[in-house]
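Enquirer: Once you've had a glance at the structure underneath, I'll fire off some questions.
The values are calculated or read from the model by the stated rules, or taken from the named source; none is laboratory data. As the structure is a computational prediction, the values presented were derived from the model and not from experiment. Methodologically, a virtual Cβ is constructed for each residue, glycine included, from the backbone with ideal geometry; neighbour enumeration extends over all protein chains shown. For the accessible areas, the whole protein counts, side chains as well, though only heavy atoms, and no ligand, DNA or RNA atoms are used. Shrake-Rupley method; radii C 1.70, N 1.55, O 1.52, S 1.80 Å.
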Amino acid sequence: MENKNYGKDRRRGHMITKVLPGSIAEEMGIEPGDRLMEINGEMIEDVFDYRFDIKDELVEVLIRKADGEEWLLEIEKEYDEDLGAEFETELMSDYKSCCNKCIFCFIDQMPEGMRESLYFKDDDSRLSFMQGNYITLTNMKEKDIERIIRYHLAPINISVQTTNPVLRCEMLHNRFAGDVLKYMDRLYAHEIEMNGQIVVCQGVNDGDELVRTLNDLERYIPFMRSVSVVPSGLTKYRKGLYPLEVFGREKAQETICIVERKQKECMKQHGIHFVHASDELYDLAGWEMPEAGRYDGYLQLENGVGMVRLLVEEVQEALRLLGSGTQKIERKVTIATGMIAAKVITTLAGNVMEAVPGLEVQVVPVRNRFFGETITVTGLITGQDLTGQLLELKKGGFDLGETLLVSANMFRTGERVFLDDMTQEEAEEALGVCITPVDSSGKDFVNALIDRDYSMGRVNDRFVYLDGKAF
């Protein structure tokens, strides 16, 4: 280890916030508050530089201590072994914000007075790789594309909307939005996997424009693995925004027909369905969800594509594992869900009740009065809508039972706080009942209904929990 002072103001580096016990960092005397300055003489821009540069078996790491002293550490380690340090942010740099003004942007349709983080528009290719976020490509420079290719970051999820350059500029309110579509050619040429998203706006990029876009994207197969088609979500807070129309049944059916025709073409030509309409479109159309085999492995669940079908499949499998002759359980619970999922949740709850004697499950669809009733997804239900509507039912004599089950998607990631900042504890106090967040799998769904001790992450592979006992 060489100690050397390189000058405190040369560059900022990356603050280390945690050192894992037994790690290389701990062994080398690295502490929280120290800063990572360089690896092998190279400055680290973000987490991808870090992961790439730290891989070697012999690395030189420059650390700046809290008092300004700098240590140049020569470290021998296993290939791919990490330092065991955590940094201020997951990316080790600031998030890149969106520079567009999309005509369908949901954030522009939110009311004032919500927490600041809900108004941040990210458009960061690194989050696309790490978290599955969709990016427009408009925030990218040549060096960003080169880094994706160099590190082979994949898949990259792209908000395409349309391949008509002029129309794309209009939809995104960005004069460069059409030009950056060429980046997909670069990604394709270097075999970088992609997924695409099309937010369909009635009278804008639907109909013939949608057909054109799907035809254009087909040429990126096999490296573009899938494309989702979702309707624009419109809240009641659209004053001064582009006058979009709400999707009706006829428009939803027309859009699905375009998607399904393309699926047949792609299946015949490439062996995959490639393009998928969202669950919301099928719900708006009043049509049954596609069978499981049409989803090509459920590549776009985060976009609301195939969630209903996968849940049905998983619940059926969970009930098969549960088997016949299940012991009786005297239990009454309520499930609160969004309007789009209410029908299938009611059916699945009925299936579980048939398999488990004594179980009583009530399903309450919650209307989205906060954002407007055209918003039907469960994850956008606020605490005030949940408690307000259930309290209305309670006044009429409705019994919530021993617990209220809600989707974990209603809460802020990693916390028990609704979109409107109402906490789980506040909702429980208002309703006078315990609230149990439930993860999205079918196994979680069934376990939450039959296991009084259910908690997320405690689902056994053999599906054995019933009042904490195996059967």
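Enquirer: Can you tell me the orientation of helix 339-355 relative to the chain, as the angle in degrees between its alpha-carbon axis and the longest Cα principal axis, to the nearest 10?
Expert: Once rounded, the angle reads 70 degrees.
Enquirer: Pop a pseudo-label 7 angstrom from the Cα along the beta-carbon direction at both Arg212 and Arg12 and give the gap in nm to one decimal.
Expert: 4.3 nm
Enquirer: Further, regarding this structure: Per 0.36 nm of contour for each residue apart, how much would the distance between Val166 and Glu313 grow if the chain were fully extended, relative to their Cα-Cα spacing? Working shown, then result.
Expert: On the way: separation 147, 0.36 × 147 = 52.92 nm, distance 4.21 nm.
This chain segment gains 48.7 nm when fully extended.
Enquirer: Here is a follow-up. Using a simple spin-label model with points 7 Å from Cα along the Cα→Cβ vector, what separation in nm is obtained for Ile107 and Arg186?
Expert: With each label point 7 Å from Cα toward Cβ, the separation is 2.3 nm.
Enquirer: Which order do peptides 376-384, 361-369 fall in by mean Cβ count within 10 Å, highest first?
Expert: Output ranking for 376-384, 361-369: 376-384, 361-369.
Enquirer: Can you tell which of Tyr237, Phe247, Phe223 lies farthest toward the positive end of the dipole of the range 219-261, using +1 and -1 charges on the Cβ of basic and acidic side chains (Lys, Arg; Asp, Glu)?
Expert: Tyr237
Enquirer: Which of the aspartates and glutamates could a cross-linker bridge to Lys262, judged by Cα under 18 Å and excluding same-chain residues fewer than eight apart?
Expert: Lys262 reaches Asp206, Asp208, Glu209, Asp216, Glu218, Glu254, Asp279, Glu291, Asp296.
Enquirer: With labels modelled as points extended 7 Å from the Cα through the Cβ direction, what inter-label distance (nm, one decimal) is found for Glu415 paired with Glu291?
Expert: With each label placed 7 Å out from Cα toward Cβ, I get 4.5 nm.
Enquirer: If I take every Cα pair under 8 Å that is 6 or more residues apart in the chain, average their sequence separation and divide by the length, what percent do I get for the relative contact order?
Expert: 9 percent
Enquirer: Taking 22 Å as R0, compute the FRET efficiency from the Cβ-Cβ separation of Ala430 and Arg367 and round it to 0.05.
Expert: Efficiency at R0 = 22 Å is approximately 0.80.
Enquirer: Less than 18 Å apart at the alpha-carbon level, and either on another chain or at least 8 residues along: which aspartates and glutamates does that give for Lys141?
Expert: Glu45, Asp46, Asp49, Asp94, Asp122, Asp123, Asp124, Asp179, Asp185
Enquirer: With both bridge residues required to lie in the chain, what share of the DSSP beta bridges run antiparallel, to the nearest 5%?
Expert: 45 percent
Enquirer: Of the heavy-atom accessible surface of the chain (probe 1.4 angstrom), what whole percent is carbon and sulfur?
Expert: Reported share for carbon and sulfur atoms: 48 percent.
Enquirer: Which whole-Hz couplings ³J(HN,Hα) result when phi for each residue of the range 219-233 is put into the Karplus expression 6.51 cos²θ - 1.76 cosθ + 1.60, θ = phi - 60°, listed in order with x for Gly and Pro?
Expert: Going residue by residue, I get 5, 8, 5, x, 7, 8, 7, 7, 9, 9, 10, 10, x, 5, x Hz, with x marking Gly and Pro.
Enquirer: Let me ask something additional. Just the number please: accessible area per residue for the range 155-227, 1.4 Å probe, all protein chains included, in Å².
Expert: 38 Å²
Enquirer: Would you mind getting me the FRET efficiency between Lys65 and Tyr151? Use the beta-carbon distance for r and R0 = 25 Å, nearest 0.05.
Expert: Efficiency at R0 = 25 Å is approximately 0.25.
Enquirer: Continuing with this model, one more query. I'm spelling it out carefully: the read-out is Cα extents along the principal axes in Å, the candidates are [x] 74, 56, 46; [y] 89, 66, 38; [z] 95, 46, 44, and one was derived from this structure. Which label?
Expert: Step by step, Cα extents along the principal axes in Å for this structure corresponds to label [x].
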